[in-house]
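Presented below is the structure to which this report refers.
The values are calculated or read from the model by the stated rules, or taken from the named source; none is laboratory data. For clarity, every value in this text was computed on a predicted model and none was experimentally measured. All Cβ positions, glycine included, derive from the backbone under ideal geometry; neighbour counts span all protein chains shown. We work out accessible area using only protein heavy atoms, side chains counted, and drop any ligands, DNA or RNA first. Shrake-Rupley method; radii C 1.70, N 1.55, O 1.52, S 1.80 Å.
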Amino acid sequence: MFSILKKLTYRPMVRKIVNALGLSRMAKRLYWLWSKPPDSIFLFKMAGITGQFFIHSPGELRLLEYVIQGETSSLERLISVVQPGDVIWDIGASIGLYTILMAKTVGEKGHVIAFEPGSQSFDRLQDNLRLNGLSNVRSFRKALGERNEKVKFYAGEDGKWCSLISPPANRTDISSQVIEVVRGDDFQEVENLPLPQVIKIDVEGYEFSVLKGLKNTLSQPSCELILLEVHPKLLPLELKPEMILSLLKSLGFRHLKVQVRGSEYHIFACKTEEVRL
């Protein structure tokens, strides 16, 4: 999908040279003129499924391309194991790449429950759901965590970085907003949400808190598979990736497959048999 030239623009050394020469603004503008999709709608096809996504800016285009470039193998694996009629929870849905592809995979008899706390990303998610004509998705502008509370949510201007932990010291484009965190098990009961067969979690360092707040849901026999992104560099100082793996195992997810993606880990966790992996 990505041409050789596009791939070059994602190399750290190329970006470092462009920034050093003071050409970053010009490079972004040229890339936008070169790559802007027709009608500002980005089409993404995988395994016979096509998702459509509005693109409003160079940052949004780069965000979507960045996710697709780095997560194609995880997406393909998830699509291959999700079945029509399944219930999927997408925790950290962003603009809806996983949400939309999963909603089309599970079909009209299935459901996707999407959580995205960032106001801009949540608005984009709603736009993309309407664009794809999906009626089997319920979305909530909330984060899941260990307790019910209101916290600061930090986000970068380009949309490629966000966190509930703390802002990075080396970036000047970070803004913050107060968002609502809800304990997943409590929220499931209050909203009478269908229990999931599959959960995808991408929460930029907040994954341990999400898992702890979902202990009852994750312990249900119907909950069979988790796709979890672990971000070691974004975890609170007192947490280590091994603690997340131990928590998964304590909840019955004993079959773990780990994919390394740069400094991140994509973990497929299954309970009893690796029938879905």
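Results, tabulated for the structure shown:
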read-out	value
Residue in region 57-66 that is within 30 Å of Cys270 (Cβ to Cβ) and open to solvent by 60 Å² or more (accessible area, probe 1.4 Å) present	yes
Selection from region 227-277 of residues that are more than 23 Å from Gly70 (Cβ to Cβ), of a type in the set (A, V, I, L, M, F, W, C) and open to solvent by 60 Å² or more (accessible area, probe 1.4 Å)	Leu237, Met243, Val275
Filter result (buried (at least 20 other Cβ atoms within 10 Å of the Cβ) and either of a type in the set (D, E, K, R) or over 28 Å from Ser263 (Cα atoms) (or both)) within region 210-222	Thr217
Long-range neighbours under 7 Å by Cβ, at least six apart or interchain, first residue more than 19 Å from Phe122 (Cα to Cα) within region 39-55, second open to solvent by less than 10 Å² (accessible area, probe 1.4 Å) and of a type in the set (Gly, Ala, Ser)	Phe44/Gly51
Failed criterion for Gly118 (all others in (1) at pLDDT below 95; (2) out of contact with any Cys (no Cβ under 8 Å at 6 or more places or on another chain) hold)	(2)
Single residue of region 180-209 satisfying the filter (of a type in the set (A, V, I, L, M, F, W, C) and touching a Gly at 6+ places or on another chain (Cβ under 6 Å)) that is least open to solvent (accessible area, probe 1.4 Å)	Val181
Filter result for the condition that a residue is acidic (Asp, Glu) and without any contact (Cβ under 8 Å) to a residue 60 or more places away in the chain, over Glu60, Glu76, Glu71	Glu76
Sole residue being under 21 Å from Gln188 (Cα atoms) and open to solvent by 50 Å² or more (accessible area, probe 1.4 Å), chosen from Lys109, Lys28, Lys36	Lys109
The lone exception for Phe253 - which of (1) at pLDDT below 90; (2) assigned to a loop (DSSP other than H, G, I, E, B) it fails	(1)
Matching strands (runs of 3 or more DSSP E) fully within region 1-115 where at least 2 residues are modelled with pLDDT under 95, among the polar types (S, T, N, Q) and closer than 19 Å to Cys223 by Cβ	none
